[in-house]
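These notes concern the structure reproduced below.
The values are calculated or read from the model by the stated rules, or taken from the named source; none is laboratory data. In this text the structure is predicted, and so the values were computed from the model without any measurement. Quick reminder, even Gly has a Cβ in these numbers, built from the backbone with ideal geometry, and neighbours come from all protein chains shown.
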Amino acid sequence: MSQIDIVIDNMTFTAEKGSLLIDLLIKHDLKVPYFCYHEALGADGNCRMCMVEIEGQKRPQIACDTLIKEEMVVRTKGENIDGVRRDILELELINHPIDCPVCDQAGECKLQDFYMDYGLYESNIKQSDKVHHRKHIDLGSSVILDQERCVLCARCTRFTSDITKTHELGIIGRGDHACVSTMPGKKLDNPYAMNIVDLCPVGALTSKDFRFQQRVWFLTSSPSICHGCAKGCNIFIDHNREKYKDETIYRFRPRENQQVNGFFICDEGRLSYKKLQDNRQLDMILNGKSCEEAEALEAYRNLLEAGSGKIVILADANLYTEELEMIQIYAQKLGATLSSPMVSDLDDAFADEWLKSSQRASNAKAIEKLGIMTDLPDEKIALLINFNHPNTVSIDAERVISFRTNQQKEPADLILPLAVFSESSGTLTNEDGIEQYCPKVITRNDPAPTVIEWMIRCQEEVE
Ligand code: SF4
Ligand code: SF4
Ligand code: FES
């Protein structure tokens, strides 16, 4: 397709001939309201909100179904087009409940935004005349539907028909009785179902897990990478520190990266934020009892020096590359064998043809690149130093030092708490060899040290 120049709001833009006008408007941040269009789902043309004026056309046209042509002159603003949008919005809102104060979408609702931008009219309909639908329907897969908040944009139904091809949702009924529903006797049931909560532009679909946990304007969204498998989907971590409380993660949301995950993530990855907070190892434990850091570091040195014999270091393949490199140098210095057994990381039942990888370790590729062995040591060893690797049960070690992010039942002489990925920063290489940087997002009131911080403290203790 050839590149051509077109004029929008008296400015000239270069675009591909035959491409969608709405994509150009979105790309250049030219404000146009829309409900039903989504870059992943394409045009549906049902909401009529994306109207623009095109010179030579008698009536306003929808930008989501208009192809860019030579000599096109487009207007996205002005009294006329604002009036058209206001009328369409009024139609969308005729039967919408006055729910905003109790709706969990408030703050990230397109209806609210567009009403403030283009609406602001006096309602012509009495509250008692509105058509009501069912509220609080448990669709399955942790998604709650409020039928009367729906603007019938069909993003959710198109997601299940075009993307997951599971076809659980449809729009039933006619006119003002039309509503979204599951097929009779069926539940929403696919491993990517919660993406429809992000797709829904209004408060009709909410996440059972997140709803009413936080008002969204209190949340900070920080970019990160999911550690649920080797795909390395890009996410936002939404977090907040309430007064007198610790910094808390409330949800993961997908972050667009066309090279990795497109617009979506899987539900298991989305809910994996809980592992970063539940059952955390926060205390230093020496021989089953809590201890202070000075005592723990002394015990570390004693365990290192007690007797001779083979030292084995295990490293979790979810650690950042920088952490693995530092552990590798440390292992060489100690004359220890470094390994990252992958047995428990392979999960064929989890994998699919889309995003989910059977390799559950998010940085397995770095283990390969760094040449770290992946065999589980089967001989008797004198000292095992474990950096959060889950595979210790079958290892026969006389003494064990264990760095842990979360509590585990495996015994150890010395247990040291470790920061989870959101409390540290570093690089991950995904299964396709794409390197991605993952910044530190969370700072706890009483932070657990990162691998690198522990390495520095322990080496100072040994030298
Ligand atoms: S439930 Fe949400 S995504 Fe589905 S059709 Fe209604 S408004 Fe659109
Ligand atoms: S596919 Fe893997 S990386 Fe992506 S969200 Fe799911 S668990 Fe996380
Ligand atoms: S976004 Fe164009 S009609 Fe809905």
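For T160, indicate whether it is assigned to a helix (DSSP H, G or I), touching an Asp or Glu at 6+ places or on another chain (Cβ under 9 Å) and touching a residue at least 12 places away in the same chain (Cβ under 8 Å). Considered against the rule, which asks whether it is assigned to a helix (DSSP H, G or I), touching an Asp or Glu at 6+ places or on another chain (Cβ under 9 Å) and touching a residue at least 12 places away in the same chain (Cβ under 8 Å), T160 comes out as yes.
Search segment 334-364 for residues being closer than 26 Å to S425 by Cβ and either part of a strand (DSSP E or B) or without any contact (Cβ under 8 Å) to a residue 12 or more places away in the chain (or both), and hand back the single one that is nearest to ligand 1 (Cβ to nearest atom). Filtering segment 334-364 for residues that are closer than 26 Å to S425 by Cβ and either part of a strand (DSSP E or B) or without any contact (Cβ under 8 Å) to a residue 12 or more places away in the chain (or both), the one nearest to ligand 1 (Cβ to nearest atom) comes out as Q359.
Scan segment 66-86 and give yes if some residue there is near ligand 3 (Cβ under 10 Å from one of its atoms), out of contact with any Cys (no Cβ under 6 Å at 6 or more places or on another chain) and under 28 Å from V143 (Cβ atoms), otherwise no. First the steps, then the outcome.
First, the residues of segment 66-86 that are near ligand 3 (Cβ under 10 Å from one of its atoms): 66.
Narrowing the set further to residues that are out of contact with any Cys (no Cβ under 6 Å at 6 or more places or on another chain) leaves 66.
Checking which are under 28 Å from V143 (Cβ atoms) leaves us with none.
Checking segment 66-86: not a single residue is near ligand 3 (Cβ under 10 Å from one of its atoms), out of contact with any Cys (no Cβ under 6 Å at 6 or more places or on another chain) and under 28 Å from V143 (Cβ atoms).
Screening V202, V180 for residues that are within 13 Å of ligand 1 (Cβ to nearest atom), touching a residue at least 40 places away in the same chain (Cβ under 8 Å) and outside the structural domain of N261 (by TED's automatic domain parsing) leaves exactly one candidate, V202. With respect to the stated conditions, Q408 fails to be of a type outside the set (D, E, K, R) and in a strand (DSSP E or B).
When the residues of segment 1-27 are filtered to those that are in a strand (DSSP E or B), free of Cβ contacts under 8 Å to residues at least 24 places away in the same chain and more than 34 Å from the chain's Cα centre (by Cα), which remaining residue is surrounded by the most Cβ atoms within 10 Å (Cβ to Cβ)? Spell out how you get there, then give the answer.
Let us first name the residues in segment 1-27 that are in a strand (DSSP E or B), namely 3-8, 11-16, 20.
Within this subset, residues satisfying the condition of being free of Cβ contacts under 8 Å to residues at least 24 places away in the same chain are 3, 5, 11-14.
From what's left, more than 34 Å from the chain's Cα centre (by Cα): 3, 5, 11-12.
On the way: Q3: 9, D5: 11, M11: 9, T12: 8.
Filtering segment 1-27 for residues that are in a strand (DSSP E or B), free of Cβ contacts under 8 Å to residues at least 24 places away in the same chain and more than 34 Å from the chain's Cα centre (by Cα), the one surrounded by the most Cβ atoms within 10 Å (Cβ to Cβ) comes out as D5.
The criterion of at least 2 residues that are touching a residue at least 24 places away in the same chain (Cβ under 8 Å) and away from ligand 3 (no atom under 16 Å from the Cβ) is met, among strands (runs of 3 or more DSSP E) falling completely within segment 236-316, by 247-254, 284-286, 311-315.
For segment 135-157, how many residues meet the condition of being more than 12 Å from ligand 1 (Cβ to nearest atom) and either closer than 16 Å to C103 by Cα or touching a residue at least 60 places away in the same chain (Cβ under 8 Å) (or both)? Counting residues in segment 135-157 that are more than 12 Å from ligand 1 (Cβ to nearest atom) and either closer than 16 Å to C103 by Cα or touching a residue at least 60 places away in the same chain (Cβ under 8 Å) (or both) gives 5.
Every residue, every condition in (1) farther than 11 Å from D104 by Cβ; (2) more than 14 Å from the chain's Cα centre (by Cα); (3) charged (D, E, K, R), yes or no:
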{"position": "V180", "(1), (2), (3)": "yes, yes, no"}
{"position": "M183", "(1), (2), (3)": "yes, yes, no"}
{"position": "D189", "(1), (2), (3)": "yes, yes, yes"}
{"position": "Y192", "(1), (2), (3)": "yes, no, no"}
{"position": "N195", "(1), (2), (3)": "yes, no, no"}
{"position": "P201", "(1), (2), (3)": "yes, yes, no"}
{"position": "K208", "(1), (2), (3)": "no, yes, yes"}
{"position": "R211", "(1), (2), (3)": "no, yes, yes"}
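Applying the criterion of being within 25 Å of the chain's Cα centre (by Cα) and part of a loop (DSSP other than H, G, I, E, B) to the residues of segment 34-74, the residue that is surrounded by the fewest Cβ atoms within 10 Å (Cβ to Cβ) is E39.
Among the residues of segment 160-186, the ones that are small (G, A, S) and closer than 15 Å to G140 by Cα come to 3 in all. Could you say whether any residue in segment 121-128 is among the basic types (K, R), surrounded by fewer than 12 Cβ atoms within 10 Å (Cβ to Cβ) and outside the structural domain of L41 (by TED's automatic domain parsing)? Yes, because at least one residue in segment 121-128 is among the basic types (K, R), surrounded by fewer than 12 Cβ atoms within 10 Å (Cβ to Cβ) and outside the structural domain of L41 (by TED's automatic domain parsing). Of the residues making up segment 115-137, not a single one is aliphatic (A, V, I, L, M) and under 23 Å from the mean Cα position of the chain (by Cα).
Flag not set for G83, criterion: surrounded by fewer than 18 Cβ atoms within 10 Å (Cβ to Cβ), more than 16 Å from ligand 2 (Cβ to nearest atom), among the small types (G, A, S) and outside any helix (DSSP H, G or I).
Give the number of residues within segment 179-204 that are in a helix (DSSP H, G or I) and farther than 20 Å from H133 by Cα. Write out each step before concluding.
At the first step, the residues of segment 179-204 found to be in a helix (DSSP H, G or I) are 195-199.
Filter once more, so that each one left must be farther than 20 Å from H133 by Cα: 195, 198-199.
The total comes to 3.
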